[in-house]
Amino acid sequence: MPALRAAVGPVGTVVGLDHTPQMLAKAQEKGNGGLVLADAGRLPFADGSVDAVFAAGLVMHLPDPVDGLRELARVTRAGGRLVLFHPTGRAALAARHGRVLRPDEPLAEGPLTAAAARAGWRLVRYDDGPDRFLALADRS
């Protein structure tokens, strides 16, 4: 979270959220404050109350990606930004887990673009390289 805190500057606020106490405990050990135990499908924030969402490794864990992206859009102001990130590209991650990528997976470019649009986002960048996955979307 230090990089996120640097990005928001001295007056910005960064909140870390996870639905498992174990992950929050790990973040706390690293000196991260502003941690919230919550479900990404029911965020404890008011409509339009955040400027940006940084979601690391989230989409593949959502029961319904469109509903999950819609909830992220609900809390993000119009014109706000969504950053979907994973420190490994999809192909490398699939290989590590012994599976083959399919074109219909939620993080494949076509399905992600469509799901984002249905949820109120406009995908503006898609980068699925060997060393990271990064997708940027703007709140419509």
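The values are calculated or read from the model by the stated rules, or taken from the named source; none is laboratory data. What you see is a predicted model, and the numbers here were worked out from it, not measured in a lab. Note that we place each Cβ from the backbone using ideal geometry, even for glycine, and neighbour counts take in every protein chain shown. To get the accessible areas, we keep the full protein, side chains included, count just its heavy atoms, and leave off ligands, DNA and RNA. Shrake-Rupley method; radii C 1.70, N 1.55, O 1.52, S 1.80 Å.
Please report the net charge: other residues with Cβ closer than 12 Å to the Cβ of Asp67, K and R +1, D and E -1. Don't jump to the answer; show the numbers that get you there.
Details: positive: Arg42, Arg70, Arg74, Arg118; negative: Asp39, Asp64, Glu71.
Taking every other residue near Asp67 into account, the sum is +1.
Identify, among Pro10, Thr88, Ala52, the residue whose Cα sits farthest towards the positive end of the charge dipole of the chain, taking +1 on the Cβ of Lys and Arg and -1 on the Cβ of Asp and Glu, with the dipole about the Cα centre.
Of the listed residues, the answer is Pro10.
Hey, of (i) -0.58, -1.01; (ii) -0.60, -0.90; (iii) -1.05, -1.17, which did the structure itself give for log10 I(q)/I(0) by the Debye sum over Cα atoms at q = 0.13, 0.17 Å⁻¹ when calculated?
Among (i) -0.58, -1.01; (ii) -0.60, -0.90; (iii) -1.05, -1.17, the one calculated here is (i).
Please work out how much length the chain gains when fully extended from Ser49 to Ala78, using 0.36 nm per residue of separation minus the C-alpha to C-alpha distance, in nm with one decimal.
Details: separation 29, 0.36 × 29 = 10.44 nm, distance 0.99 nm.
Full-extension gain reported as 9.4 nm.
What's the magnitude of the charge dipole for the chain around its Cα centre, counting Lys and Arg as +1 and Asp and Glu as -1 at the beta-carbon? Answer in Debye, nearest 20.
140
Using a Förster distance of 35 Å, how high is the FRET efficiency between Val11 and Met60, based on the Cβ-Cβ distance and rounded to 0.05?
Working: r = 33 Å, r/R0 = 0.95.
My answer for the efficiency is 0.55.
What are the residues whose amide H is under 5 Å from the amide H of Phe54, where those residues sit 5 or more places off or on another chain and H is modelled from the backbone?
So Phe54 has HN proximity to Val83.
If amide hydrogens are placed 1.01 Å from N in the peptide plane, which non-local residues have theirs closer than 5 Å to the one on Thr88?
When sequence neighbours closer than 5 places are left aside, the close amide H contacts are Phe133.
If the label point is 7 Å along Cα→Cβ of Gln22, which residues in the range 84-100 have backbone nitrogen under 19 Å from it?
Residues 97 fall inside that zone.
Using θ = phi - 60° and the Karplus form 6.51 cos²θ - 1.76 cosθ + 1.60, what ³J(HN,Hα) does each residue of the range 55-68 get, whole Hz, x for Gly and Pro?
10, 9, x, 8, 4, 5, 9, 7, x, 9, x, 5, 4, x
So what's the back-of-envelope 222 nm ellipticity for the chain, counting only DSSP H runs of four-plus at -39500 (n - 2.57) apiece and dividing by all residues, rounded to 500?
Details: 5 runs with 45 residues, N = 140.
So the calculated ellipticity at 222 nm is -9000 deg cm²/dmol.
At a Förster distance of 35 Å, what's the computed FRET efficiency of Ala91 paired with Leu37, Cβ-Cβ distance as r, to 0.05? Don't skip to the end; give the middle numbers.
On the way: r = 33 Å, r/R0 = 0.94.
Approximately 0.60, to the nearest 0.05.
Just how far, in whole angstrom, is the range 1-55 from the range 77-107 if you go by their alpha carbon centroids?
Rounded to whole Å, the Cα centres lie 20 Å apart.
Please compute the per residue accessible area over the chain with all protein chains in place, 1.4 Å probe, rounded to a whole number of Å².
Values: 8240 Å² over 140 residues.
Value for the chain: 59 Å² per residue.
Need one number: % antiparallel among DSSP beta bridges in the chain, to the nearest 5.
Values: 14 of 23 bridges.
Within the chain, antiparallel bridges account for around 60 percent of the total.
Between Ala117 and Glu29, what's the calculated FRET efficiency when r is the beta-carbon distance and R0 is 35 Å? Round to 0.05. Walk me through the numbers on the way to the answer.
Numbers: r = 39 Å, r/R0 = 1.10.
Efficiency computed from Cβ-Cβ geometry: 0.35.
Counting only protein heavy atoms, what percent of the accessible surface of the range 16-117 is carbon or sulfur at a 1.4 Å probe? Please list the in-between numbers first.
On the way: 3410 of 5840 Å².
C and S atoms contribute 58 percent here.
Summing +1 for each Lys or Arg and -1 for each Asp or Glu, what net charge is found among the other residues whose Cβ lies under 14 Å from the Cβ of Asp127? Please report the intermediate quantities before stating the final value.
Numbers: positive: Arg90, Arg125, Arg132; negative: Glu109, Asp128, Asp131.
That sum, taken over residues with Cβ under 14 Å, equals 0.
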